[in-house]
Amino acid sequence: MKVLLITHRADAPRFIERVADETRSRGAEPVVFYVEDFPTKTTISFAQGPDGERFLLGGHAIGAGDAIWARRYHAPVGLPEAMHPGHRRMVLAETERFLHGVLAACPAFKVDPYARVRGADHKPLQQRIFREAGVRTPRTLGTNDPEAARAFLASCPEGAVVKMLSPEPFRKDDGKLQVVMTSEVRPETLEKLEQLRLCPMYFQERVPKAYELRVTVFGTKVFAARLDSPTFAGAEVDWRTKGLETIEAWRDHALPRHVEDALHRYQDAVGLQYGAADFIVTPAGEHVLLEVNPAGEFFWLEANPPHHPMVAALVDVLVGVPGSRRRFPDLPAPPAA
């Protein structure tokens, strides 16, 4: 059995090697595919004929009985500097479409199918499924209507936050990328609401916070970690702004059964093996869902406290350890161990 690990060279190399080592320990062959090398340095081929189909990625045949971990994607590197901008856009679009088309057709087991990841990465959908499962979500308004935004914000006595639904970073004048974090709505925010005519935003009521959770799902296994984020100055709204300062402060957390059941219900509804969910826990002990990232980070919770065995759980799913995978009606049964 081969396990294809799709990533790029800047993506936590020592952790990718940890996944590869764990895969070898199960008797499977890890194949690391650096996606930025396609199409300039490595090859992908899809062949269809009377004898069936064949999928070659980096010279490795991948098919039924194998597995693919679509960890991270990356744009190609090494395209000629002199390439016409129009041709470059065409090449980038065709390369992306070809890659995802081949992966979609390949019968290998996937964590997770790209189309499902894209289809699940929508906060309004996530909020609906969790509310239907009995888990609270923040009162929310997504809009490009300035008047609707003003009315909503006036109805939030504890304040509100604003966030983006897209993970698209902002490229500054110096070329560096800046991710837009969840931010508190301030008086100066109210003065800029007319800019909603140019771009919609997502507003949510401020939820009182005792601590926060990152809950990570690998197939049928769930790991919950707690961070007392209000104790870190600057992390009160979004703990990611102080990520390095909080990295040793995460602790194991026993998730209430109804919250875990709701998370399982969500993963089943969207058809994904993996998910990284963020919750606020209020001073009264109520768990409030913020979002579920279908491709969120998790390595830091194994390398640092609470040292959850996440790589082993991931590889369990990839190699098909009995009982580790979620079973979806339209997914093929895993190969025999």
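The values are calculated or read from the model by the stated rules, or taken from the named source; none is laboratory data. The model shown is predicted, which means the values in this text are computed figures rather than measured ones. Cβ coordinates were reconstructed from backbone atoms using ideal geometry, including for glycine residues, and neighbour counts include every protein chain displayed. SASA here: full protein model, heavy atoms, side chains in, ligands and nucleic acids out. Shrake-Rupley method; radii C 1.70, N 1.55, O 1.52, S 1.80 Å.
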Which numbered condition trips up W69, out of (1) within 24 Å of the chain's Cα centre (by Cα); (2) more than 30 Å from F218 (Cα to Cα); (3) not polar (S, T, N, Q)?
-> (2)
Identify all residues within region 9-57 that are modelled with pLDDT under 95 and part of a loop (DSSP other than H, G, I, E, B); write none if there are none.
-> R9, A10, D11, A12, P50, D51
Within the group L263, L272, which residue is in contact (Cβ under 8 Å) with a residue 24 or more places away in the chain, crowded, with 21+ Cβ neighbours inside 10 Å and closer than 18 Å to H308 by Cβ?
-> L263
Might you check whether a residue that is of a type in the set (F, W, Y), surrounded by fewer than 16 Cβ atoms within 10 Å (Cβ to Cβ) and either without any contact (Cβ under 8 Å) to a residue 40 or more places away in the chain or on the phi < 0 side of the Ramachandran plot (or both) occurs anywhere in region 24-36?
-> no
When both residues are 6+ apart or on different chains and their Cβ atoms are under 7 Å apart, which pairs have a first residue that lies in region 98-114 and is in contact (Cβ under 8 Å) with a residue 24 or more places away in the chain and under 15 Å from P294 (Cβ atoms), and a second that is outside any helix (DSSP H, G or I) and not small (G, A, S)?
-> K110/I68; V111/W69; V111/Q273; V111/Y274; D112/L272; D112/Q273; D112/Y274; D112/P294
Being in contact with a Pro (Cβ under 9 Å, 6 or more places away or on another chain) and surrounded by fewer than 20 Cβ atoms within 10 Å (Cβ to Cβ) is the filter here, so list the residues in region 227-260 that pass it.
-> E236, I247, E248, A249, R251, D252, H253
Number of the condition not met by F298 [criteria: (1) part of a helix (DSSP H, G or I); (2) under 15 Å from the mean Cα position of the chain (by Cα); (3) within 19 Å of E248 (Cβ to Cβ)] | (1)
Only one of these conditions is not met by F170: (1) over 22 Å from P294 (Cα atoms); (2) without any contact (Cβ under 8 Å) to a residue 24 or more places away in the chain; (3) open to solvent by 90 Å² or more (accessible area, probe 1.4 Å). Which number is it?
-> (1)
Residue among I44, I62, I16 that is within 22 Å of the chain's Cα centre (by Cα) and either small (G, A, S) or open to solvent by less than 40 Å² (accessible area, probe 1.4 Å) (or both) = I16
May I ask you to say which residue of H74, H87 is touching a residue at least 60 places away in the same chain (Cβ under 8 Å) and either in a loop (DSSP other than H, G, I, E, B) or more than 25 Å from T216 (Cβ to Cβ) (or both)?
-> H74
Tally time: how many residues in region 275-290 are crowded, with 20+ Cβ neighbours inside 10 Å and either free of Cβ contacts under 8 Å to residues at least 12 places away in the same chain or within 10 Å of the chain's Cα centre (by Cα) (or both)?
-> 2
Within the group F152, F130, which residue is over 24 Å from the mean Cα position of the chain (by Cα), farther than 30 Å from F55 by Cβ and assigned to a helix (DSSP H, G or I)?
-> F152
Can you tell me which residue within region 180-197, out of those that are surrounded by fewer than 17 Cβ atoms within 10 Å (Cβ to Cβ) and in contact (Cβ under 8 Å) with a residue 40 or more places away in the chain, is farthest from G119 (Cα to Cα)?
-> L190
